Ligand SMILES: [Zn+2]
(Lines give C-alpha, C1' and ligand atoms only; values in the text may rest on other atoms or scores of the structure.)
Protein backbone atom coordinates (compact mmCIF):
# COMPACT_ATOMS: atom_id res chain seq x y z
CA UNK A 1 0.00 0.00 0.00
CA UNK A 2 1.43 3.33 -1.07
CA UNK A 3 0.66 7.01 -0.60
CA UNK A 4 1.52 8.78 -3.87
CA UNK A 5 2.05 12.52 -4.39
CA UNK A 6 2.63 14.41 -7.63
CA UNK A 7 2.90 18.19 -8.08
CA UNK A 8 4.67 18.25 -11.43
CA UNK A 9 1.65 19.85 -13.10
CA UNK A 10 -1.42 20.23 -10.86
CA UNK A 11 -1.52 18.58 -7.45
CA UNK A 12 -2.56 14.94 -7.11
CA UNK A 13 -2.53 12.60 -4.14
CA UNK A 14 -3.61 8.95 -4.01
CA UNK A 15 -3.54 5.80 -1.93
CA UNK A 16 -3.04 2.69 -4.05
CA UNK A 17 -2.57 -0.99 -3.48
CA UNK A 18 -1.16 -3.56 -5.88
CA UNK A 19 -4.07 -5.93 -5.39
CA UNK A 20 -6.93 -3.61 -4.51
CA UNK A 21 -5.99 -0.87 -6.99
CA UNK A 22 -6.90 2.75 -6.34
CA UNK A 23 -8.20 3.23 -2.81
CA UNK A 24 -8.42 7.02 -2.97
CA UNK A 25 -7.40 9.83 -5.28
CA UNK A 26 -7.84 13.57 -4.95
CA UNK A 27 -6.50 16.14 -7.39
CA UNK A 28 -6.48 19.83 -8.16
CA UNK A 29 -5.77 21.25 -11.62
CA UNK A 30 -4.59 24.57 -10.19
CA UNK A 31 -0.95 25.01 -11.20
CA UNK A 32 -0.27 27.82 -8.71
CA UNK A 33 -1.64 26.54 -5.42
CA UNK A 34 0.32 23.37 -4.67
CA UNK A 35 1.40 24.51 -1.21
CA UNK A 36 -2.16 25.51 -0.29
CA UNK A 37 -3.94 22.31 -1.39
CA UNK A 38 -1.41 19.58 -0.64
CA UNK A 39 -2.36 19.13 3.03
CA UNK A 40 -6.09 18.84 2.46
CA UNK A 41 -5.58 16.42 -0.44
CA UNK A 42 -3.37 14.13 1.66
CA UNK A 43 -5.80 14.28 4.59
CA UNK A 44 -8.74 13.51 2.28
CA UNK A 45 -7.00 10.51 0.72
CA UNK A 46 -6.13 9.06 4.11
CA UNK A 47 -9.74 9.56 5.21
CA UNK A 48 -11.28 8.23 1.97
CA UNK A 49 -9.14 5.11 1.97
CA UNK A 50 -9.51 4.60 5.72
CA UNK A 51 -5.89 3.51 5.70
CA UNK A 52 -3.75 4.03 8.78
CA UNK A 53 -0.36 5.65 8.14
CA UNK A 54 1.29 2.63 9.75
CA UNK A 55 -0.22 0.34 7.11
CA UNK A 56 1.51 2.12 4.23
CA UNK A 57 4.67 0.55 2.90
CA UNK A 58 6.09 3.65 1.24
CA UNK A 59 5.50 7.13 -0.14
CA UNK A 60 5.74 7.69 -3.88
CA UNK A 61 7.16 11.01 -5.06
CA UNK A 62 6.60 12.29 -8.58
CA UNK A 63 10.08 13.62 -9.40
CA UNK A 64 8.98 15.66 -12.40
CA UNK A 65 9.85 17.07 -14.75
CA UNK A 66 7.70 20.04 -13.82
CA UNK A 67 7.85 23.75 -13.05
CA UNK A 68 10.29 23.95 -10.11
CA UNK A 69 8.31 25.80 -7.50
CA UNK A 70 5.31 23.49 -7.60
CA UNK A 71 7.32 20.33 -8.19
CA UNK A 72 9.30 20.89 -4.98
CA UNK A 73 6.14 21.11 -2.85
CA UNK A 74 5.19 17.51 -3.65
CA UNK A 75 8.70 16.12 -3.28
CA UNK A 76 9.17 17.94 0.04
CA UNK A 77 5.80 16.63 1.21
CA UNK A 78 6.56 13.04 0.15
CA UNK A 79 9.96 13.08 1.83
CA UNK A 80 8.63 14.62 5.05
CA UNK A 81 5.65 12.27 5.18
CA UNK A 82 8.02 9.34 4.75
CA UNK A 83 10.17 10.54 7.65
CA UNK A 84 7.13 10.91 9.89
CA UNK A 85 5.67 7.57 8.85
CA UNK A 86 9.07 5.86 8.99
CA UNK A 87 8.57 4.54 5.45
CA UNK A 88 10.70 4.60 2.32
CA UNK A 89 10.40 7.20 -0.44
CA UNK A 90 9.77 5.74 -3.89
CA UNK A 91 10.82 8.24 -6.59
CA UNK A 92 9.06 7.86 -9.95
CA UNK A 93 9.35 9.92 -13.16
CA UNK A 94 6.06 11.81 -13.39
CA UNK A 95 5.68 11.30 -17.16
CA UNK A 96 5.73 7.53 -16.60
CA UNK A 97 2.45 7.90 -14.73
CA UNK A 98 0.88 9.63 -17.74
CA UNK A 99 2.11 6.83 -20.01
CA UNK A 100 0.88 4.11 -17.66
CA UNK A 101 -1.17 1.51 -19.59
CA UNK A 102 -0.44 3.05 -22.97
CA UNK A 103 -0.95 0.45 -25.67
CA UNK A 104 1.09 2.17 -28.35
CA UNK A 105 3.58 4.93 -29.09
CA UNK A 106 2.92 7.95 -26.92
CA UNK A 107 4.46 11.35 -26.33
CA UNK A 108 3.79 12.96 -22.97
CA UNK A 109 4.19 16.73 -22.96
CA UNK A 110 3.64 18.89 -19.90
CA UNK A 111 3.87 22.64 -19.42
CA UNK A 112 7.34 23.96 -18.64
CA UNK A 113 6.29 27.65 -18.79
CA UNK A 114 8.13 30.20 -20.97
CA UNK A 115 6.70 28.63 -24.16
CA UNK A 116 8.51 25.39 -23.47
CA UNK A 117 7.34 21.86 -22.71
CA UNK A 118 8.79 18.92 -20.85
CA UNK A 119 8.37 15.80 -22.99
CA UNK A 120 9.03 12.07 -23.00
CA UNK A 121 8.36 9.46 -25.68
CA UNK A 122 7.15 5.91 -25.05
CA UNK A 123 7.02 2.97 -27.46
CA UNK A 124 4.23 1.28 -25.50
CA UNK A 125 4.01 -0.97 -22.44
CA UNK A 126 6.10 -4.03 -21.69
CA UNK A 127 4.92 -7.49 -20.59
CA UNK A 128 4.74 -6.44 -16.93
CA UNK A 129 2.55 -3.49 -17.85
CA UNK A 130 5.17 -0.80 -17.36
CA UNK A 131 5.53 2.01 -19.89
CA UNK A 132 8.70 1.82 -22.02
CA UNK A 133 10.29 5.26 -22.20
CA UNK A 134 12.44 5.68 -25.32
CA UNK A 135 13.26 9.42 -25.12
CA UNK A 136 13.33 11.97 -22.34
CA UNK A 137 12.34 13.43 -20.12
CA UNK A 138 13.62 16.45 -22.05
CA UNK A 139 12.87 20.09 -22.58
CA UNK A 140 11.75 21.58 -25.94
CA UNK A 141 10.23 24.76 -27.29
CA UNK A 142 6.50 24.13 -27.48
CA UNK A 143 6.46 25.14 -31.14
CA UNK A 144 9.24 22.69 -31.98
CA UNK A 145 7.95 19.62 -30.18
CA UNK A 146 6.99 17.91 -33.43
CA UNK A 147 10.63 18.02 -34.52
CA UNK A 148 11.87 16.60 -31.23
CA UNK A 149 11.46 12.98 -32.22
CA UNK A 150 11.44 11.23 -35.60
CA UNK A 151 8.03 10.01 -36.74
CA UNK A 152 6.22 12.41 -34.42
CA UNK A 153 2.97 11.76 -36.29
CA UNK A 154 3.04 8.07 -35.39
CA UNK A 155 2.75 8.93 -31.69
CA UNK A 156 -0.37 9.73 -29.77
CA UNK A 157 0.10 12.98 -27.84
CA UNK A 158 -0.94 13.36 -24.19
CA UNK A 159 -0.81 16.79 -22.58
CA UNK A 160 -2.33 16.36 -19.12
CA UNK A 161 -3.06 19.29 -16.82
CA UNK A 162 -2.55 17.07 -13.81
CA UNK A 163 -0.43 13.96 -13.45
CA UNK A 164 -2.48 11.28 -11.71
CA UNK A 165 -0.94 10.25 -8.41
CA UNK A 166 -2.91 7.01 -8.60
CA UNK A 167 -1.19 6.09 -11.87
CA UNK A 168 2.12 7.17 -10.34
CA UNK A 169 1.49 4.89 -7.37
CA UNK A 170 0.51 1.95 -9.57
CA UNK A 171 3.69 2.39 -11.64
CA UNK A 172 5.63 2.29 -8.36
CA UNK A 173 3.85 -0.89 -7.28
CA UNK A 174 4.72 -2.54 -10.61
CA UNK A 175 8.34 -1.39 -10.49
CA UNK A 176 8.64 -2.94 -7.06
CA UNK A 177 6.80 -6.16 -7.95
CA UNK A 178 9.04 -6.63 -11.00
CA UNK A 179 12.28 -5.79 -9.26
CA UNK A 180 12.87 -2.73 -11.44
CA UNK A 181 14.85 0.28 -10.24
CA UNK A 182 13.01 3.37 -9.09
CA UNK A 183 13.91 6.80 -10.48
CA UNK A 184 16.84 8.71 -8.99
CA UNK A 185 15.89 10.50 -5.78
CA UNK A 186 16.41 13.97 -7.18
CA UNK A 187 14.04 16.41 -8.82
CA UNK A 188 14.03 16.47 -12.64
CA UNK A 189 14.48 20.20 -13.06
CA UNK A 190 16.01 19.96 -16.57
CA UNK A 191 16.95 23.63 -16.32
CA UNK A 192 19.65 25.45 -14.42
CA UNK A 193 18.61 28.06 -11.90
CA UNK A 194 17.95 31.27 -13.75
CA UNK A 195 20.95 33.34 -12.82
CA UNK A 196 23.51 35.31 -14.71
CA UNK A 197 26.83 36.18 -13.18
CA UNK A 198 27.25 39.92 -13.22
CA UNK A 199 30.49 41.37 -14.51
CA UNK A 200 30.81 43.53 -11.41
CA UNK A 201 29.15 46.61 -9.98
CA UNK A 202 27.75 49.04 -12.53
CA UNK A 203 28.80 52.68 -12.46
CA UNK A 204 26.30 55.09 -10.98
CA UNK A 205 27.99 58.23 -12.30
CA UNK A 206 28.49 58.80 -16.01
CA UNK B 1 -0.60 21.02 30.66
CA UNK B 2 3.14 20.52 30.67
CA UNK B 3 5.21 22.60 28.28
CA UNK B 4 4.55 21.52 24.68
CA UNK B 5 7.26 19.82 22.64
CA UNK B 6 7.30 21.60 19.27
CA UNK B 7 9.35 21.15 16.11
CA UNK B 8 9.78 24.28 13.99
CA UNK B 9 10.58 24.44 10.27
CA UNK B 10 12.04 27.61 8.75
CA UNK B 11 12.78 28.02 5.02
CA UNK B 12 12.01 31.67 4.28
CA UNK B 13 15.42 32.67 2.88
CA UNK B 14 18.72 30.83 2.52
CA UNK B 15 18.84 28.91 5.80
CA UNK B 16 17.06 25.59 6.24
CA UNK B 17 16.36 25.64 9.96
CA UNK B 18 14.87 22.93 12.13
CA UNK B 19 14.46 23.69 15.82
CA UNK B 20 12.93 21.77 18.69
CA UNK B 21 11.75 23.37 21.91
CA UNK B 22 9.88 22.28 24.99
CA UNK B 23 7.96 25.39 25.96
CA UNK B 24 10.74 27.94 26.44
CA UNK B 25 13.51 25.38 26.64
CA UNK B 26 15.73 25.05 23.58
CA UNK B 27 16.49 21.41 22.71
CA UNK B 28 17.87 21.69 19.18
CA UNK B 29 18.65 24.40 16.65
CA UNK B 30 20.11 22.92 13.47
CA UNK B 31 20.75 25.14 10.45
CA UNK B 32 21.90 24.22 6.94
CA UNK B 33 22.84 27.32 4.99
CA UNK B 34 23.12 27.68 1.22
CA UNK B 35 25.08 30.92 1.68
CA UNK B 36 28.20 29.56 -0.05
CA UNK B 37 26.18 28.74 -3.16
CA UNK B 38 25.05 32.37 -3.40
CA UNK B 39 28.51 33.86 -2.92
CA UNK B 40 29.38 33.86 -6.61
CA UNK B 41 26.19 35.76 -7.41
CA UNK B 42 26.75 38.38 -4.71
CA UNK B 43 23.32 37.86 -3.18
CA UNK B 44 20.66 35.27 -2.44
CA UNK B 45 19.31 33.67 -5.64
CA UNK B 46 15.77 32.47 -4.82
CA UNK B 47 15.84 29.39 -7.06
CA UNK B 48 19.24 28.32 -5.72
CA UNK B 49 17.94 28.77 -2.17
CA UNK B 50 14.77 26.77 -2.84
CA UNK B 51 16.68 23.88 -4.41
CA UNK B 52 19.02 23.81 -1.42
CA UNK B 53 16.07 23.72 1.01
CA UNK B 54 14.68 20.60 -0.63
CA UNK B 55 18.05 18.85 -0.38
CA UNK B 56 18.76 19.93 3.18
CA UNK B 57 15.33 19.36 4.64
CA UNK B 58 15.41 15.70 5.66
CA UNK B 59 19.06 15.60 6.83
CA UNK B 60 18.49 18.74 8.92
CA UNK B 61 15.31 17.27 10.37
CA UNK B 62 17.06 14.05 11.36
CA UNK B 63 19.98 15.92 12.89
CA UNK B 64 17.66 18.10 14.96
CA UNK B 65 15.81 15.06 16.32
CA UNK B 66 19.10 13.38 17.20
CA UNK B 67 20.41 16.55 18.89
CA UNK B 68 17.23 16.99 20.92
CA UNK B 69 17.14 13.31 21.77
CA UNK B 70 13.42 13.08 21.04
CA UNK B 71 11.38 10.97 18.67
CA UNK B 72 8.81 12.36 16.24
CA UNK B 73 6.09 10.51 18.14
CA UNK B 74 6.96 12.56 21.25
CA UNK B 75 6.13 15.86 19.54
CA UNK B 76 3.02 17.78 20.54
CA UNK B 77 2.96 19.91 17.40
CA UNK B 78 4.77 21.06 14.28
CA UNK B 79 5.25 24.76 13.47
CA UNK B 80 6.31 26.28 10.16
CA UNK B 81 7.09 29.69 8.70
CA UNK B 82 4.22 30.72 6.46
CA UNK B 83 5.80 34.10 5.57
CA UNK B 84 7.11 36.63 4.91
CA UNK B 85 10.05 35.51 2.78
CA UNK B 86 10.92 34.10 -0.64
CA UNK B 87 7.81 32.35 -1.99
CA UNK B 88 9.53 29.35 -3.58
CA UNK B 89 11.69 28.81 -0.52
CA UNK B 90 8.74 29.11 1.88
CA UNK B 91 6.75 26.54 -0.12
CA UNK B 92 9.33 23.82 0.53
CA UNK B 93 8.84 24.23 4.27
CA UNK B 94 5.07 24.55 4.03
CA UNK B 95 4.71 21.40 1.91
CA UNK B 96 7.01 19.44 4.20
CA UNK B 97 5.38 20.67 7.41
CA UNK B 98 1.86 19.78 6.30
CA UNK B 99 2.91 16.28 5.27
CA UNK B 100 4.97 15.74 8.42
CA UNK B 101 2.12 16.84 10.68
CA UNK B 102 -0.34 14.60 8.82
CA UNK B 103 1.99 11.60 8.93
CA UNK B 104 2.27 12.03 12.69
CA UNK B 105 -1.34 13.01 13.31
CA UNK B 106 -0.10 16.14 15.11
CA UNK B 107 -1.45 19.70 15.01
CA UNK B 108 0.27 22.23 12.75
CA UNK B 109 0.87 25.91 13.46
CA UNK B 110 1.70 28.26 10.57
CA UNK B 111 3.52 31.26 11.97
CA UNK B 112 4.96 34.65 11.04
CA UNK B 113 8.72 34.71 10.53
CA UNK B 114 9.22 38.24 11.87
CA UNK B 115 7.27 37.55 15.04
CA UNK B 116 9.41 34.43 15.39
CA UNK B 117 12.50 36.65 15.56
CA UNK B 118 10.92 38.27 18.63
CA UNK B 119 9.67 35.03 20.16
CA UNK B 120 13.11 33.47 20.11
CA UNK B 121 14.11 35.72 22.98
CA UNK B 122 11.84 33.68 25.25
CA UNK B 123 14.05 30.63 24.96
CA UNK B 124 15.72 30.21 28.31
CA UNK B 125 19.49 30.21 28.26
CA UNK B 126 21.76 29.39 31.16
CA UNK B 127 24.16 32.24 30.40
CA UNK B 128 21.39 34.79 30.61
CA UNK B 129 21.81 36.29 34.04
CA UNK B 130 18.59 38.22 34.09
CA UNK B 131 16.58 35.24 32.95
CA UNK B 132 13.46 37.35 32.79
CA UNK B 133 10.71 36.68 30.34
CA UNK B 134 10.04 39.14 27.58
CA UNK B 135 8.34 42.20 29.04
CA UNK B 136 5.56 43.99 27.21
CA UNK B 137 5.33 46.22 25.41
CA UNK B 138 8.67 46.09 23.65
CA UNK B 139 10.02 47.63 20.48
CA UNK B 140 11.82 45.13 18.22
CA UNK B 141 14.33 46.04 15.53
CA UNK B 142 14.76 43.15 13.07
CA UNK B 143 17.55 43.55 10.56
CA UNK B 144 18.80 41.01 8.04
CA UNK B 145 19.50 40.54 4.34
CA UNK B 146 15.80 39.99 3.79
CA UNK B 147 14.11 42.46 6.10
CA UNK B 148 14.53 45.66 8.08
CA UNK B 149 11.52 46.14 10.33
CA UNK B 150 10.63 48.02 13.46
CA UNK B 151 7.84 46.41 15.46
CA UNK B 152 5.83 47.31 18.53
CA UNK B 153 5.06 44.10 20.39
CA UNK B 154 2.31 44.46 22.98
CA UNK B 155 1.76 40.72 23.17
CA UNK B 156 3.68 38.09 21.23
CA UNK B 157 0.68 35.93 20.39
CA UNK B 158 -2.00 38.57 19.94
CA UNK B 159 -0.79 42.10 19.37
CA UNK B 160 2.13 43.00 17.14
CA UNK B 161 2.19 46.22 15.15
CA UNK B 162 4.48 47.25 12.29
CA UNK B 163 5.94 50.67 13.07
CA UNK B 164 8.11 50.87 10.00
CA UNK B 165 10.16 48.92 7.50
CA UNK B 166 12.52 49.47 4.61
CA UNK B 167 10.95 51.02 1.54
CA UNK B 168 13.67 49.62 -0.74
CA UNK B 169 16.71 47.46 0.16
CA UNK B 170 17.07 45.56 3.41
CA UNK B 171 20.05 46.71 5.51
CA UNK B 172 21.82 43.39 4.97
CA UNK B 173 21.46 43.83 1.21
CA UNK B 174 23.08 47.26 1.45
CA UNK B 175 26.06 45.65 3.21
CA UNK B 176 26.32 43.06 0.41
CA UNK B 177 26.15 45.67 -2.34
CA UNK B 178 28.68 48.04 -0.79
CA UNK B 179 31.03 45.12 -0.10
CA UNK B 180 30.91 44.27 -3.80
CA UNK B 181 31.63 47.87 -4.67
CA UNK B 182 34.73 47.73 -2.50
CA UNK B 183 35.80 44.42 -4.02
CA UNK B 184 34.98 42.47 -0.86
CA UNK B 185 33.35 39.01 -0.92
CA UNK B 186 29.80 37.95 -0.01
CA UNK B 187 28.22 38.07 2.51
CA UNK B 188 29.06 41.74 2.97
CA UNK B 189 28.20 42.24 6.64
CA UNK B 190 31.19 40.51 8.23
CA UNK B 191 33.49 41.73 5.44
CA UNK B 192 32.54 45.38 5.98
CA UNK B 193 32.90 44.84 9.71
CA UNK B 194 36.44 43.54 9.19
CA UNK B 195 37.38 46.20 6.64
CA UNK B 196 36.15 48.94 8.97
CA UNK B 197 38.67 48.09 11.65
CA UNK B 198 40.91 51.13 12.09
CA UNK B 199 38.75 53.19 9.74
CA UNK B 200 37.31 56.58 10.71
CA UNK B 201 33.50 56.42 10.87
CA UNK B 202 33.34 60.20 10.55
CA UNK B 203 35.69 60.42 7.55
CA UNK B 204 32.85 60.62 5.04
CA UNK B 205 29.37 61.86 5.88
CA UNK B 206 27.12 59.45 3.98
CA UNK B 207 23.38 60.21 4.00
CA UNK B 208 20.98 58.83 6.61
CA UNK B 209 17.94 57.69 4.62
CA UNK B 210 14.49 59.11 5.45
CA UNK B 211 15.89 61.30 8.22
CA UNK B 212 15.09 64.77 6.90
CA UNK B 213 12.12 66.52 8.55
CA UNK B 214 9.99 66.26 5.39
CA UNK B 215 10.69 62.50 5.12
CA UNK B 216 10.06 61.96 8.80
CA UNK B 217 6.49 63.21 8.44
CA UNK B 218 5.54 60.27 6.29
CA UNK B 219 8.28 57.78 7.14
CA UNK B 220 9.07 58.37 10.78
CA UNK B 221 10.02 54.72 11.41
CA UNK B 222 10.70 53.60 7.84
CA UNK B 223 14.14 52.94 6.41
CA UNK B 224 15.76 53.43 3.00
CA UNK B 225 19.20 52.18 2.05
CA UNK B 226 19.26 52.42 -1.72
CA UNK B 227 20.25 56.12 -1.73
CA UNK B 228 23.05 55.39 0.71
CA UNK B 229 24.38 52.63 -1.50
CA UNK B 230 24.36 54.95 -4.53
CA UNK B 231 26.06 57.66 -2.54
CA UNK B 232 28.88 55.29 -1.54
CA UNK B 233 29.23 54.17 -5.17
CA UNK B 234 29.43 57.76 -6.37
CA UNK B 235 32.05 58.65 -3.77
CA UNK B 236 34.21 55.63 -4.60
CA UNK B 237 33.95 56.26 -8.34
CA UNK B 238 35.03 59.87 -7.95
CA UNK B 239 38.09 58.87 -5.96
CA UNK B 240 39.07 56.28 -8.54
CA UNK B 241 38.39 58.64 -11.45
CA UNK B 242 40.70 61.17 -9.90
CA UNK B 243 43.38 58.55 -9.48
CA UNK B 244 43.25 58.45 -5.71
CA UNK B 245 43.46 55.23 -3.78
CA UNK B 246 40.14 54.46 -2.10
CA UNK B 247 40.55 54.41 1.69
CA UNK B 248 38.65 51.15 2.15
CA UNK B 249 38.70 51.24 5.96
CA UNK B 250 37.30 54.79 6.08
CA UNK B 251 34.61 54.05 3.48
CA UNK B 252 33.61 50.82 5.24
CA UNK B 253 33.52 52.47 8.66
CA UNK B 254 31.63 55.53 7.41
CA UNK B 255 29.11 53.46 5.48
CA UNK B 256 28.57 51.11 8.40
CA UNK B 257 28.12 54.09 10.71
CA UNK B 258 25.46 55.56 8.40
CA UNK B 259 23.48 52.28 8.44
CA UNK B 260 23.82 51.64 12.13
CA UNK B 261 23.16 55.26 13.07
CA UNK B 262 19.88 55.43 11.18
CA UNK B 263 18.77 52.02 12.47
CA UNK B 264 19.31 52.95 16.09
CA UNK B 265 18.18 56.56 15.81
CA UNK B 266 14.81 55.35 14.56
CA UNK B 267 14.59 52.44 17.02
CA UNK B 268 15.40 54.66 20.00
CA UNK B 269 13.01 57.33 18.70
CA UNK B 270 10.25 54.72 18.61
CA UNK B 271 10.99 53.71 22.20
CA UNK B 272 11.02 57.33 23.33
CA UNK B 273 7.96 58.44 21.35
CA UNK B 274 5.90 55.50 22.53
CA UNK B 275 7.22 55.49 26.09
CA UNK B 276 8.50 51.94 25.75
CA UNK B 277 11.79 51.50 27.65
CA UNK B 278 12.62 48.16 26.04
CA UNK B 279 14.33 47.32 22.75
CA UNK B 280 14.92 43.86 21.34
CA UNK B 281 17.29 43.20 18.43
CA UNK B 282 16.96 40.34 15.95
CA UNK B 283 18.08 39.23 12.50
CA UNK B 284 21.47 38.36 11.05
CA UNK B 285 22.77 41.94 10.95
CA UNK B 286 22.89 41.82 14.76
CA UNK B 287 26.11 39.87 14.21
CA UNK B 288 27.65 43.19 13.22
CA UNK B 289 29.79 44.39 16.11
CA UNK B 290 29.02 48.07 15.56
CA UNK B 291 25.27 47.41 15.68
CA UNK B 292 25.59 45.84 19.11
CA UNK B 293 28.03 48.48 20.35
CA UNK B 294 25.97 51.49 19.31
CA UNK B 295 22.74 49.83 20.47
CA UNK B 296 24.23 49.36 23.94
CA UNK B 297 25.46 52.97 24.09
CA UNK B 298 22.28 54.59 22.75
CA UNK B 299 20.01 52.46 24.92
CA UNK B 300 22.05 53.16 28.03
CA UNK B 301 21.90 56.89 27.33
CA UNK B 302 18.14 56.81 26.81
CA UNK B 303 17.36 54.51 29.75
CA UNK B 304 16.19 51.71 27.47
CA UNK B 305 16.71 48.09 28.46
CA UNK B 306 18.34 46.29 25.52
CA UNK B 307 17.91 42.60 24.80
CA UNK B 308 19.94 40.74 22.21
CA UNK B 309 19.30 37.01 21.84
CA UNK B 310 22.39 34.82 21.34
CA UNK B 311 23.70 35.16 17.80
CA UNK B 312 22.77 31.62 16.73
CA UNK B 313 19.18 32.55 17.51
CA UNK B 314 19.33 35.97 15.80
CA UNK B 315 19.94 34.61 12.32
CA UNK B 316 17.06 32.74 10.69
CA UNK B 317 16.43 29.43 12.44
CA UNK B 318 13.80 26.84 13.21
CA UNK B 319 13.97 27.27 16.99
CA UNK B 320 12.33 30.70 16.73
CA UNK B 321 9.46 29.16 14.77
CA UNK B 322 9.11 26.34 17.30
CA UNK B 323 9.28 28.86 20.18
CA UNK B 324 6.46 30.95 18.69
CA UNK B 325 4.45 27.79 18.01
CA UNK B 326 4.87 26.76 21.65
CA UNK B 327 3.67 30.19 22.81
CA UNK B 328 0.56 29.92 20.63
CA UNK B 329 -0.19 26.49 22.06
CA UNK B 330 0.32 27.67 25.64
CA UNK B 331 -2.04 30.58 24.88
CA UNK B 332 -4.66 28.02 23.91
CA UNK B 333 -4.71 28.75 20.19
CA UNK B 334 -6.23 26.21 17.80
CA UNK B 335 -3.96 24.79 15.10
CA UNK B 336 -3.88 26.44 11.66
CA UNK B 337 -6.30 25.24 8.99
CA UNK B 338 -4.49 23.00 6.50
CA UNK B 339 -5.23 25.29 3.56
CA UNK B 340 -2.71 28.04 4.40
CA UNK B 341 -0.08 28.85 1.83
CA UNK B 342 3.30 30.50 1.60
CA UNK B 343 2.72 34.24 1.85
CA UNK B 344 5.81 36.19 0.83
CA UNK B 345 4.33 39.43 2.19
CA UNK B 346 2.54 38.13 5.29
CA UNK B 347 1.92 41.20 7.50
CA UNK B 348 3.26 41.12 11.09
CA UNK B 349 -0.26 41.56 12.40
CA UNK B 350 -0.94 38.00 11.21
CA UNK B 351 1.00 36.17 13.91
CA UNK B 352 -0.55 32.81 13.05
CA UNK B 353 -1.78 32.02 9.55
ZN1 LIG C 1 14.72 36.65 9.33
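The values are calculated or read from the model by the stated rules, or taken from the named source; none is laboratory data. If you're wondering where the values come from, they're calculated on a predicted model, not measured in any experiment. Virtual Cβ from ideal backbone geometry, glycine too; neighbours counted across all protein chains shown.
For the stretch B:242-325, give me every one of the helices (runs of 4 or more DSSP H) that falls completely inside it and has 3 or more residues that are at pLDDT 95 or above.
Correct list: B:248-274, B:289-302.
Closer than 18 Å to residue B:165 by Cα and surrounded by 15 or more Cβ atoms within 10 Å (Cβ to Cβ): is that true of residue B:263 in this structure?
Taking the combined requirement at face value, the residue satisfies it.
Somewhere in the stretch B:94-113, is a residue touching a helix residue (DSSP H, G or I) at 6+ places or on another chain (Cβ under 9 Å), in contact (Cβ under 8 Å) with a residue 40 or more places away in the chain, more than 30 Å from residue A:32 (Cβ to Cβ) and away from chain A (no Cβ under 14 Å)?
no
More than 10 Å from chain A (Cβ to nearest Cβ), at pLDDT 95 or above and either part of a helix (DSSP H, G or I) or closer than 13 Å to residue B:93 by Cα (or both), is that true of residue B:64?
Spelling it out, residue B:64 is indeed more than 10 Å from chain A (Cβ to nearest Cβ), at pLDDT 95 or above and either part of a helix (DSSP H, G or I) or closer than 13 Å to residue B:93 by Cα (or both).
From the list B:260, B:268, pick out the single residue that is closer than 21 Å to residue B:154 by Cα and free of Cβ contacts under 8 Å to residues at least 40 places away in the same chain.
That would be B:268, the only listed residue that is closer than 21 Å to residue B:154 by Cα and free of Cβ contacts under 8 Å to residues at least 40 places away in the same chain.
From the list B:12, B:34, B:2, pick out the single residue that is within 16 Å of the ligand (Cβ to nearest atom), at pLDDT below 95 and either surrounded by fewer than 20 Cβ atoms within 10 Å (Cβ to Cβ) or closer than 27 Å to residue A:32 by Cα (or both).
Matching residue, one of B:12, B:34, B:2: B:34.
So which pairs qualify, if the first residue must be in the stretch B:136-165 and at pLDDT below 95, the second must be within 12 Å of the ligand (Cβ to nearest atom) and part of a strand (DSSP E or B), the Cβ gap must be under 9 Å, and the two must be at least 6 apart or on different chains?
Filtered contacts from the stretch B:136-165: B:144/B:282.
Please enumerate the residues belonging to the stretch B:284-322 that are closer than 24 Å to residue B:84 by Cα and away from the ligand (no atom under 16 Å from the Cβ).
B:307
Residues are listed down the side, and each one gets a yes or a no for (1) at pLDDT 95 or above; (2) in contact with a helix residue (DSSP H, G or I) (Cβ under 6 Å, 6 or more places away or on another chain); (3) more than 14 Å from chain B (Cβ to nearest Cβ):
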| site | (1), (2), (3) |
| --- | --- |
| A:9 | yes, no, yes |
| A:13 | yes, yes, no |
| A:20 | yes, no, yes |
| A:23 | yes, yes, yes |
| A:36 | yes, no, no |
| A:42 | yes, yes, no |
| A:45 | yes, no, no |
| A:52 | yes, no, no |
| A:55 | yes, no, no |
